[in-house]
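First the structure, in the form of structure tokens, and then the observations on it.
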Amino acid sequence: MTTALRASAAPSTASGIGPQLKDAGLAALVAAVLLAPILGMETTPGPDGRLTLAFHFDLVAIGVVLVFLGRLALALFLRGRPPVRAREGGAVSAFVSRNAAWFGLAGLAFAIALPLLPFSSRYVIDVATTVVIYVMLGWGLNIVVGLAGLLDLGYVAFYAVGAYSYALFAQWFGFGFWMCLPIAGLLAATAGVLLGFPVLRLRGDYLAIVTLGFGEIIRLVLVNWYEVTGGPNGIADIPRPSFFGFPFTRNPAEGETAFHQLFGLEFSTLHRVIFLYYLALALALVTNLFVLRIRKLPIGRAWEALREDEIACKALGINPTNTKLTAFALGAMFGGFAGSFFATRQGFISPESFTFIESAIILAIVVLGGMGSQIGVVLAATVIVLLPELSRELETYRMLFFGAAMVLIMIWRPRGLLAHREPTLRLGTATGATSLSARGGGP
Amino acid sequence: MAYFIQQLINGVALGMVYGLIAIGYSMVYGIIGMINFAHGEIYMIGAFVSIIAFTLLGMLGISWAPLALLLVLLVAIAITALYGWTVERIAYRPLRGSFRLAPLISAIGMSIFLQTYVQVTQGAKIKPLQPVVTGGFTFEDASGFTITISWIQILIAVLTLVLMAGFTWVITSTPLGRAQRACEQDLKMAALCGVDVDRTISLTFVIGAALAAVAGLMATLYYGVIDFFIGFLAGVKAFTAAVLGGIGSIPGAMLGGLVLGLAEAFWSGYFSIEYKDVAAFTILVVVLIFLPTGILGRPEVEKV
């Protein structure tokens, strides 16, 4: 889309829309060829089981006209404007980063007050809980991707480890949520170390594909190991969390006090929803606090240094493998916590919830937010969770919309929505130089 | 023994399909250093265009198999290559020179988009294809066990070898191939020396997509069923094959594909079919630990 820039901006001021029309015409032609088979000819099983075609050339025509008009409008709109690349960063994101503390406080106040606000229905709180889980996962992955600069495409594996450890420990040993939470975190971190130990020596892209493979291995094991994981059917009846020992039930068992009795409230199923929301919020805040503090410790500094230049780090005596391993294990641990919470919230888990698309979504949150930016993750998680919610009526088109939005946001803001990276440490007046090596490439 | 040979034949056929897809990954990675995540979906689109073309030809009454195959092959290559070109143009070119993860995220978005696009327009059901090429050679060994080489397997092997030969010729002795090799070494320097980098990259995507289209067509013929989700696993495995063979190396991609295909066939034949994908990924991890640059890859020299 923005490639129109170079074509249309170069001859720039020339009057008339001839070139733009020609360009749009070409785009329409390409669209016609692309759409004709896939959109225009739908394969449907005929009466004898063989495929026949149902023709939808009207849809193709609509698509072609839309592409033509869209392309023309874009070309005219962008005529004479500077190339998009000059717009990286931007004043808004710089402003947000500078006042991150205030935005953080305002966001936190809003998050705490949310269930009490007049428009909060059960649905709103449910969606908000989902947002908070993704924020937490984003913050966890941010340690690995944003701070240590390791591309992890299989983060959902740790999420799955956390969820299944809670479910299995609760089912077999009757452990409660609070007891399982540290176990889940520990197991996920162990999985992180086990995976990380052999593969962290590898170059960035190889690491990406190995983590992707690991994510798939975990999922395939969950699907195929019937005796333990229940296979594709998953695990049901996972105990719901209690309010420090007081369950959220209408009629508690003999000798137990339910939450509403404890506080003398009318029983309402909303209590549990609100409690889960606050629980997620608390877990997310712990994650955030942890990340904010550890960034200032030597290990956090080492992560960021490693992200910028591995060779310089080695020269300074930082052990890259151990440093990366810590980042990997800690990121995995928070994934495990989030997974545990996910299991207790849903009450049912199956391998379906831990597919690659989930990893992609979490990674998209981190990158869209602007890597390393804590506020950015919140913003991106909100956008990513709400986008599909807004188009819920168009159920099947949600993911279509989601994929397109991911591409467009990347083109619009390649460094993320809030992409203002300040070095955490500054010497003298030197300004933050973003890694130059990453800017090589095209002419 | 017969069983072993049968698995060997199946593995080679499977491996060639992986290899053809892997070349697309390897070329793109070699030139612009990005994982073209949407490549698996391009393969899936190739398969869908093939099945649509077969159905259309069937409705038009063209049923002579060689002619139908040739027409479908050409149509699938043309349309899929255009898809590859468009994907590069829309999702990757604006991000050229941006930071490393941006094109990858864009590619993941594109992959989700293409997958849902086919799901929405063609439906989520599995699409069966009436067998176009049937039969094959059957041998019987002393113990009465039969070995079958189907015509489709022969077709896959012949087509792959022809394509590989043609492709090697393109890379080694045409101006385009020279430009590609120049871009692989140093994009900026190539541009300074007068290579049209944008055009070369576009053509790389077109060639990769064309090979994926052939792979899609052959997988459609081989398995007889496709759905909108086949791109993901095939893409991941093909990438595994590319890494296995040494990413950036074309013969390596083919070799990696063959190794992976054989490993998968033998694993399914002798161990458990459920864990065949686990086996593929385990091989990847093991190879990367002991041979970090893949089988035919050049060792990477780190410079400050």
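With the helix formula -39500 (n - 2.57) applied to DSSP H stretches of n ≥ 4, the protein assembly as shown reaches a computed 222 nm mean residue ellipticity of -22000 deg cm²/dmol. For peptide B:80-91, the mean count of partner chain Cβ atoms within 10 Å of a residue's Cβ comes to 3. For segment A:56-71, 3J(HN,Hα) computed residue by residue from phi via the Karplus equation (6.51, -1.76, 1.60; θ = phi - 60°) reads 10, 6, 4, 5, 4, 4, 4, x, 5, 4, 4, 4, 4, 5, x, 5 Hz, glycine and proline entered as x. When the listed pairs B:127/B:276; B:188/B:237; B:125/B:237 are checked against a 30 Å cut-off, the alpha-carbon distance exceeds it for B:188/B:237. Working note: Debye formula, equal point scatterers on the alpha-carbon atoms of segment B:236-289, no solvent; log10 I(q)/I(0) at q = 0.13 Å⁻¹ is -0.27. Each peptide in A:306-313, B:224-231 receives the mean, over its residues, of other Cβ atoms within 10 Å, and ordering these scores from highest gives B:224-231, A:306-313. In angstrom, the C-alpha Rg and Dmax of segment A:144-225 are 13.9, 43.
For residue B:136, the residues whose modelled amide H falls within less than 5 Å of its own, excluding neighbours fewer than 5 places apart on the same chain, are B:151.
Ranking of B:43, A:278 by neighbouring Cβ atoms within 10 Å, starting from the fewest: A:278, B:43. Converting phi to 3J(HN,Hα) with the Karplus coefficients 6.51, -1.76 and 1.60 and the offset θ = phi - 60°, segment B:205-210 yields 5, 4, 5, x, 5, 4 Hz in sequence order, with x at every glycine or proline.
Multiply the residue separation of residue A:412 and residue A:312 by 0.36 nm, subtract the distance between their alpha-carbon atoms, and state the gained length in nm to one decimal.
That pair, residue A:412 and residue A:312, stretches by 32.7 nm at full extension.
Neighbouring Cβ atoms from other chains, within 10 Å of the Cβ of residues in B:275-285, number 5 on average. The Cα-based radius of gyration of chain B, divided by its Kirkwood radius, gives an Rg/Rh of 0.98. Shape analysis of segment A:306-369 yields a ratio of the Cα radius of gyration to the Kirkwood radius, Rg/Rh, of 1.14. Among B:165, B:253, B:279, the residue with the largest mean-square fluctuation in a Gaussian network model of chain B, with springs joining Cα atoms closer than 10 Å, is B:165.
With neighbour counts taken as other beta-carbon atoms within 10 Å, the residues B:274, B:140 rank, fewest first, as B:140, B:274. Over the protein assembly as shown, the ratio between the Cα radius of gyration and 2.2 N^0.38 Å evaluates to 0.99. Treating each Cα of segment B:24-141 as one equal point scatterer and applying the Debye formula with no solvent, the log10 of I(q)/I(0) at q = 0.21, 0.23 Å⁻¹ comes out as -1.14, -1.26.
Any read-out appearing in this document is the output of simple, stated calculations on the displayed coordinates, not a laboratory observation. As the structure is a prediction and not an experimental result, all values here were calculated from the model. Using ideal geometry, Cβ is built from the backbone for each residue, glycine included, and neighbour counts are taken over all protein chains shown.
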